[in-house]
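Report on one structure; see the data block that follows.
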Amino acid sequence: MLMTVERVPLRVRLAAAGVDSVTMLALPAVLFVLALFVYPFFYGLALSLEPKDNAVWYANYRAFFSDPFLFDTIGKTLRLAVPVTLLCVLLSVPIALRVRHMRHQRLLTTILVLPITLGTVLIAEGLLNYLGPQGWLNRTLITIGLIHGPLQLVHNYWGAFLGLLISIFPFTFLLTLSYVTGVDPALEQAASTLGARPWARFRHILLPLLAQGLAINFCLSFVQAFSVFPTAVLLGSPAGSTRVISIAAYTAAYEAYDYSLASTIAMVMAGIQLLIVAGILSARRLLYRGPMGGAKG
Amino acid sequence: MIPGMIAMDRSPLALRAWTTTIWVLVGFFILNLLAMIASVVVNSFGTRWFNTWLPAGFTSKWYFSAWAEFQLDDILIVTFQVVGAVVVLSGILGVLGAYALARREFPGKRLVMLLILLPLLVPPLTFGIPLATVLYQFGAGGSILGVVLANLVPTVPFVVLVMIPFIEQIDPRVEAAARVFGANARQMFVHVLVPLLAPGILAALLMVLVRTIAMFELTFFTAGPSSQTLVVALYYAVYAAGVRAPQSIDAMAVIYMVTTMVWLLVALRFVNPTQLVTRVKKA
């Protein structure tokens, strides 16, 4: 008996566990992610703990959190990213609820995909023209008589805010739309038949079903808003109110050539990101506990 | 079910006002978006534009000057080389990986899936800087190879995730039949699987294409002077605005827009626009 067990070749035993030549086809992709994502990440972590000039291992982190020039970038990034992400998520829900009944949905979604494919750099350049003191927006507002002099909308916080809004809203909206269209309309019809008014239907039927999706949507949109870079440089004031954390990382790496500090900033960024994502997902659990059935199926 | 019927059946006035507000918001957003794009296009064809609604006259000379000033032929060649290599390599690695993950259950599969999801959940900037450092250490930084490798980090997982549901739809008995008739693994892939998967592969790779053209951060951190793609060159041009005529920069922006939009239009024939955003979508 023992003999036969031993004689089963390794190949066969592995195949029984689901590992054979087909499984090995995943190996190139896995090795690739390990070599170019996992390894650099840990390399960056190690590098951040080896500061220049043989200082203590945590010297970079101490420098980051004690130097207001570096530390304040967190606050500046959050002041830009949190309102934009919140606004995008909050606006996307009522709009998606209307748009799901629309017949020419594809045309609208196509127009909204444009800013995503054009990318942040082009949006920044376009908005520099459009929002500038001689741009069409200021011109129109003056002609209507809403304002007397041009509004200063570029090279400050509001420039970066609007640039970020235009780049992120389409992304948030399309995600919300895909969650909203996943809710079975029969649920709402049933509530309506039982006499629920629109607000009650939204509050007690749709919102609980959408909570999970909206939390994920917030996280994914926030990831993009938090790492805002070209928009903050080109449309904001990169030395002042929109000196965001990615600018600090870039300056450390490519202007000061201090890769150790740059890696530190990248790690701090990843840490904050993780904290916020974890916070949102646990807040969602407080709001609603229960099956997700009916929302996505 | 008539669309909007539920909404219309009671208290029409408040609902009308609410609906109107929403459409005004959508309209306002789209109007500003299109006006922004139009202002770039108009400026790139304008002679002199100052203090008026439209430029004083129209010309196409900025396209020639932008082409020469920014050496756009070199930049476009680099862009297409990078994008082409990224599309082909992420297609091969991604489809093979997706096939294994769709067809086999093995110990540690959840870990592998998590590993593949991670690069899509972390902003490119956080791993871009350490990755650039590693690439420079191995001598690949600042070269086209480095740019291609960096751009593959989010695209390989993307193709894997998009392809898994497509592969799961194919009946494994089709493959078994091919093997019974004597096809080896390679022949089975080339003559059976790839033709069956063609729509899925096409959709996934077009999305990779559109996203790689617009991918700024990773290219920006890894590119050297001779390996800039169009989007990075555009960034430098806008960043150093004042050095060159603004119309010249906008002419380059229009050239960039045309390269992305052509592919977007091609892509939209095969994919649903929302798919460009939602990565893991059941096919």
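The values are calculated or read from the model by the stated rules, or taken from the named source; none is laboratory data. Given the structure is predicted, the values throughout are model-derived calculations rather than measurements. With ideal geometry, Cβ positions are generated from the backbone for all residues, glycine too; neighbour counts draw on all protein chains shown.
Could you check, for segment A:144-164, whether at least one of its residues is touching a helix residue (DSSP H, G or I) at 6+ places or on another chain (Cβ under 6 Å), within 11 Å of another protein chain (Cβ to nearest Cβ), part of a helix (DSSP H, G or I) and closer than 22 Å to B:P273 by Cα? Scanning segment A:144-164 turns up at least one residue that is touching a helix residue (DSSP H, G or I) at 6+ places or on another chain (Cβ under 6 Å), within 11 Å of another protein chain (Cβ to nearest Cβ), part of a helix (DSSP H, G or I) and closer than 22 Å to B:P273 by Cα.
Can you spot a residue in segment B:87-105 that is under 20 Å from B:V231 (Cα atoms) and within 10 Å of another protein chain (Cβ to nearest Cβ)? No, there is no match, as no residue in segment B:87-105 is under 20 Å from B:V231 (Cα atoms) and within 10 Å of another protein chain (Cβ to nearest Cβ). Candidates B:P165, B:P123, B:P119: the one that is modelled with pLDDT under 90 and over 27 Å from B:V194 (Cα atoms) is B:P123. Among the helices (runs of 4 or more DSSP H) confined to segment B:36-140, the ones with at least 3 residues that are surrounded by fewer than 19 Cβ atoms within 10 Å (Cβ to Cβ) are located at B:61-69, B:72-103, B:109-121. I'd like to check something: does segment B:154-162 contain any residue that is surrounded by fewer than 19 Cβ atoms within 10 Å (Cβ to Cβ), hydrophobic (A, V, I, L, M, F, W, C) and more than 12 Å from chain A (Cβ to nearest Cβ)? Looking through segment B:154-162, none of the residues is surrounded by fewer than 19 Cβ atoms within 10 Å (Cβ to Cβ), hydrophobic (A, V, I, L, M, F, W, C) and more than 12 Å from chain A (Cβ to nearest Cβ). Residue by residue through segment A:107-136, note down the ones that are more than 7 Å from chain B (Cβ to nearest Cβ) and of a type in the set (D, E, K, R). If the condition is that a residue be more than 7 Å from chain B (Cβ to nearest Cβ) and of a type in the set (D, E, K, R), then no residue fits.
Number of residues in segment B:222-255 that are of a type in the set (F, W, Y) and surrounded by fewer than 22 Cβ atoms within 10 Å (Cβ to Cβ) equals 2.
Is it true that A:S167 is crowded, with 20+ Cβ neighbours inside 10 Å, part of a helix (DSSP H, G or I) and more than 10 Å from every other protein chain (Cβ to nearest Cβ)? Yes, satisfied. Tell me yes or no: at least one residue of segment A:74-94 is modelled with pLDDT under 90 and more than 9 Å from every other protein chain (Cβ to nearest Cβ). Checking segment A:74-94: not a single residue is modelled with pLDDT under 90 and more than 9 Å from every other protein chain (Cβ to nearest Cβ). Figure legend. Inter-residue proximity from segment A:264-278: first residues outside the structural domain of A:A253 (by TED's automatic domain parsing) and farther than 17 Å from B:L120 by Cβ, second residues surrounded by fewer than 23 Cβ atoms within 10 Å (Cβ to Cβ) and not hydrophobic (A, V, I, L, M, F, W, C), beta-carbon distance below 8 Å, spacing 6+ or different chains. No pairs are indicated. Condition check for A:P115 on (1) without any contact (Cβ under 8 Å) to a residue 12 or more places away in the chain; (2) crowded, with 16+ Cβ neighbours inside 10 Å: one failure, at (1).
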